[in-house]
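The values are calculated or read from the model by the stated rules, or taken from the named source; none is laboratory data. Not measured: the values here are computed from a predicted model. All Cβ positions, even for glycine, are placed from backbone atoms using ideal geometry, and neighbour counts span all protein chains on display.
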Amino acid sequence: MSHPRDDRQDDLFGPSLDEIINLRHPLVRLAAEIDWAFLAGRFSSVCRVGPGQPPLPTRLVAGLLILKHMHNLSDEALCERWVENPYFQYFCGETVFQHEVPFDRSSLTRWRQRLGEEQIAALLQESLSVAHRSGAIETKDLERVVVDTTVQEKAIAHPTDARLTHRAIEKLVDLAKREGVELRQSYRRLAKRAAIMVGRYTHAHQFKRARRELKFLRTRLGRVIRDIRRKIEGNTALEDRFGPLLDLAHRVRHQEQRQRGPKVYSLHAPEAECIGKGKARAPYEFGCKVSITTPATVPKGGQFVLHAKALHGNPYDGHTLGPVIADLEKLTGVAVRRIHGDKGYRGHNYPDRFKVWISGQVRRVTKAIRREMRRRAAVEPVIGHLKDDHRMRRNYLKGRDGDRINAVLAAAGYNFSLLLRWFRRILCALVLILARAVLETRFA
C-alpha cells in the first residue's frame, strides 16, 4: 500500500461546493481553522510504500471520524448523511457535490485499526489547538485540571451463567459445522430449553431447580468440548482454529459466581471487565474504566476534555493519576500546576503530592483553591455528554484497542462540538455588532 494521495478534481460542468453553501456556516469556519496538514502527517505515517491501491485521502478519513463522533452517528448513518449533506462533504475536502459515497463503510473500520490510539490522539490534540487559536481556551485553563474516572460499557448483553454456557455451546457447534467436524451430539435443542428454564425458575424463586438446569447446561458444554478435542487431536490447522474458542468455553464451564480473578462476561468481547462504581441504579457495569480530564477553570468556549484514556485491568483510581498527568502534559505541552480529584484518588502515585487536591481536604486550602475545588463537580456533566451525545455510552469497537480508540474519539467529537457552538456564538456576535452599526448610522 502506498501513501495516501488526494486526487480529487473539480467538475467542469457542475458548480463547486463553495458556491452553493453558506461560507459563514460554523462547520465551514471549523474546516478552515483545522490544520489538516498536521493530521495528514500523523495519519500517513502508518502507511508503507508498496504495491496496492492508494488509501483514502487523510482529510476525508479525519473528517469522517470527527463527524461520526461529533453527531453521534454509526458508520452506516454517517455514510447516508454524508451523501445528503453538502457541508459534511465540504468539511471532508470535497470540491464538488458527490452523489455517491466514494468509500466503503468498512474503510472506517480498517482505518481505525490501522491508526490505533496513538495516531487518533492527534484529533484530540488538534481540537485543543483550534480552541486555543480561536480563543475558546487559554493556557491558564490547561494548568489547573480536574481528573475523574467513569466506565465505558461494552456492547454486550447482561452476562448470566446460563446465557454464557448456552452461547458457548452454540458457537462451538456452529464452528464445528463450518469446519466439517462431525459431533456425536450437538445438544442444540436441549441446551436452548435448559437456558430458558433457568430464567423461568429463577424468576419464580425456584433456585434449586434453576441450579439443576444450569448443571445440565454445564455438563453438555463439557461433553461438546471433549468431543471436539478428540476429533481435532493431531490436526494442527483445526487446533489453531478451535483453540481460542475452546479456551473461552473451558473458562465459562469452570468459572464460579464468587471466584477471585478475571472472569469471562462475553464470548465475543472477553476483554470486558466487571466494575462496581457504587451506583444504586447500576451496581455493576461491564466494560473498562476511562480517565477523563477537564479544566478546573471556566474556559470561554466551554468545558473541554483535555485528556481521555481507557484503563484496562480495573486499576485503583489513585494509581492511574501519575501516567494520566504525564500523558496530558505531553499532549498539551503545558505543565500542570494543580490537580483536583475526588476521594477515589486518596493514596495516589503522583510524584508531587502538593499539586494534588482531594475533595474534602482542609489543610493548605486557600480561597482560590477552595473555588477550584468547588469546580471539581463540573467534570460530571462532561462525562454525561460524552456518554449520551458522543458514543461513549456503549462501545461497539472490537477488543481493547477499540476501547482505547473509542474513548479518544468521543473526547475529540465532544471538543469539536463545543468549537461549533463557539464559532456560532462568534458569528451571532458579529451579526449583532453589524446590525447595531447599521441602526446607529440610519438614525444618526
Exactly one of Lys330, Lys355, Lys343 is touching a Gly at 6+ places or on another chain (Cβ under 7 Å) and without any contact (Cβ under 8 Å) to a residue 24 or more places away in the chain, and that residue is Lys343
Quickly run through segment 206-246 and pick out the residues that are without any contact (Cβ under 8 Å) to a residue 40 or more places away in the chain, surrounded by 13 or more Cβ atoms within 10 Å (Cβ to Cβ) and within 37 Å of the chain's Cα centre (by Cα). Gly222, Glu239
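Residue by residue through segment 130-162, note down the ones that are out of contact with any Ser or Thr (no Cβ under 8 Å at 6 or more places or on another chain) and buried (at least 18 other Cβ atoms within 10 Å of the Cβ). Spell out the reasoning first.
As a first pass, look at segment 130-162 and keep what is out of contact with any Ser or Thr (no Cβ under 8 Å at 6 or more places or on another chain): 130-131, 133-139, 143, 150-153, 155, 158, 160-162.
Residues satisfying the conditions are Val130, Ala131, Ala136, Ile137, Thr150, Val151, Gln152, Glu153, Asp161, Ala162.
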Scan of segment 310-330 for residues that are under 17 Å from Glu126 (Cβ atoms) and surrounded by 18 or more Cβ atoms within 10 Å (Cβ to Cβ), ordered by number: Leu328
Pick from segment 358-380, criterion in contact with a His (Cβ under 8 Å, 6 or more places away or on another chain) and in contact (Cβ under 8 Å) with a residue 60 or more places away in the chain, ranking: farthest from Gly278 (Cα to Cα): Glu372
Please enumerate the residues belonging to segment 281-313 that are touching a Cys at 6+ places or on another chain (Cβ under 8 Å) and without any contact (Cβ under 8 Å) to a residue 60 or more places away in the chain. Tyr284
Select, from Glu380, Glu372, the only residue that is in the same structural domain as Asn314 (by TED's automatic domain parsing) and surrounded by fewer than 17 Cβ atoms within 10 Å (Cβ to Cβ). Glu380
Yes or no: Arg230 more than 14 Å from Arg163 (Cα to Cα), basic (Lys, Arg), assigned to a helix (DSSP H, G or I) and assigned by TED's automatic domain parsing to the domain that holds Leu172? yes
Taking segment 18-45 as the region of interest, how many residues are under 22 Å from Ala122 (Cβ atoms) and of a type in the set (D, E, K, R)? 4
Subset of segment 253-290, residues closer than 16 Å to His312 by Cα, surrounded by fewer than 13 Cβ atoms within 10 Å (Cβ to Cβ) and either among the aliphatic types (A, V, I, L, M) or outside the structural domain of Gly313 (by TED's automatic domain parsing) (or both), comes to Gly261
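Of the residues Ile433, Ile383, which is assigned to a helix (DSSP H, G or I) and without any contact (Cβ under 8 Å) to a residue 12 or more places away in the chain?
Exactly one residue qualifies, and that residue is Ile433.
Say whether the condition of being in contact (Cβ under 8 Å) with a residue 24 or more places away in the chain, among the aliphatic types (A, V, I, L, M), in contact with a His (Cβ under 6 Å, 6 or more places away or on another chain) and outside any helix (DSSP H, G or I) is met by at least one residue in segment 140-148.
Yes, that holds for at least one residue.
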Among the residues of segment 75-110 satisfying the criterion of being among the hydroxyl-bearing types (Ser, Thr, Tyr) and without any contact (Cβ under 8 Å) to a residue 60 or more places away in the chain, which is surrounded by the most Cβ atoms within 10 Å (Cβ to Cβ)? Ser107
When you scan segment 84-103, do you find a residue that is within 25 Å of Ile292 (Cα to Cα), outside the structural domain of Leu306 (by TED's automatic domain parsing) and of a type in the set (Val, Ile, Thr), even just one? no
Could you check, for segment 57-67, whether at least one of its residues is crowded, with 21+ Cβ neighbours inside 10 Å, modelled with pLDDT under 95 and part of a loop (DSSP other than H, G, I, E, B)? yes
